[in-house]
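Worksheet: one structure, shown below.
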Amino acid sequence: MSVEVARLCKHSLESARVGTDEDKVQNGRDFYKFFFTNYPDLRVYFKGAEKFTADDVQKSERFEKQGQRILLAVHVLAETYANQEVFKAYVRETINRHRIYKMDPALWLAFFTVFVGYLGTKTTLDEATKNAWAEMGKVFNEEAQTHLKNSGLPHV
Ligand code: HEM
């Protein structure tokens, strides 16, 4: 089951590859262009970029780098999903590293809607692939909320 989810997610990520070639660097910028255009309220967490437009992201060295970081993180999720122990450990590590941003805990699940929306700008996603991402998001979110609770932090 998790092997099939992993396969579908990894396959779709071939349309959002990471790397140093210009087209791959652009994939990362494009995530934040999509994110900030469609979910402008969430820019509040990105200090100094609260008013950034897609054009600001395009010209930003910070988001050139951050674009690769987020894409790499999502690739790691897909690459580890078939090994649930490692996947869940990476989820907890991600939650720990975001503690400083004091995010609304509901955003951990919402992220996957954002990401699938972005991916849909790069390729056509079939129903099975959308379902696979929804399943990964569900497992990610369950582990995230459990970890927040065990850490004595706000959770949903
Ligand atoms: C960094 C917010 C979800 C992976 C950051 C930063 C913010 C942030 C504010 C600092 C970047 C900067 O200010 O320049 C959010 C929000 C999320 C979200 C609002 C949900 C809507 C995720 C998810 C992942 C992730 C699900 C993993 C798949 C990363 C990574 C970094 C980062 C790898 C780079 C810094 C580090 O590794 O600690 N995030 N994040 N984020 N985020 Fe997120």
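The values are calculated or read from the model by the stated rules, or taken from the named source; none is laboratory data. On a predicted model such as this, the values are computed, not experimentally measured, just so you know. FYI the Cβ positions are ideal-geometry reconstructions off the backbone, even for glycines, and counts take in every protein chain you see. These accessible areas exclude ligands, DNA and RNA; they are computed on the full protein's heavy atoms, side chains included. Shrake-Rupley method; radii C 1.70, N 1.55, O 1.52, S 1.80 Å.
Right, SER12: at negative phi and over 14 Å from the mean Cα position of the chain (by Cα) or not? In short, no.
Being touching a Lys or Arg at 6+ places or on another chain (Cβ under 7 Å), assigned to a helix (DSSP H, G or I), of a type in the set (A, V, I, L, M) and more than 10 Å from the ligand (Cβ to nearest atom) holds for only one residue in VAL86, VAL57, and it is VAL57. Taking the range 55-82 as the range and being surrounded by fewer than 17 Cβ atoms within 10 Å (Cβ to Cβ) and of a type in the set (A, V, I, L, M, F, W, C) as the test, the residues that pass are LEU72, ALA73, VAL76, ALA82. Selection over the range 98-156 of residues that are open to solvent by 50 Å² or more (accessible area, probe 1.4 Å), over 21 Å from PHE34 (Cα atoms), not in a helix (DSSP H, G or I) and not hydrophobic (A, V, I, L, M, F, W, C) gives a count of 4. Scanning the range 27-47 for residues that are touching a residue at least 40 places away in the same chain (Cβ under 8 Å) and not in a loop (DSSP other than H, G, I, E, B) yields ASN27, GLY28, ASP30, PHE31, PHE34, PHE35, ASN38, LEU42, TYR45.
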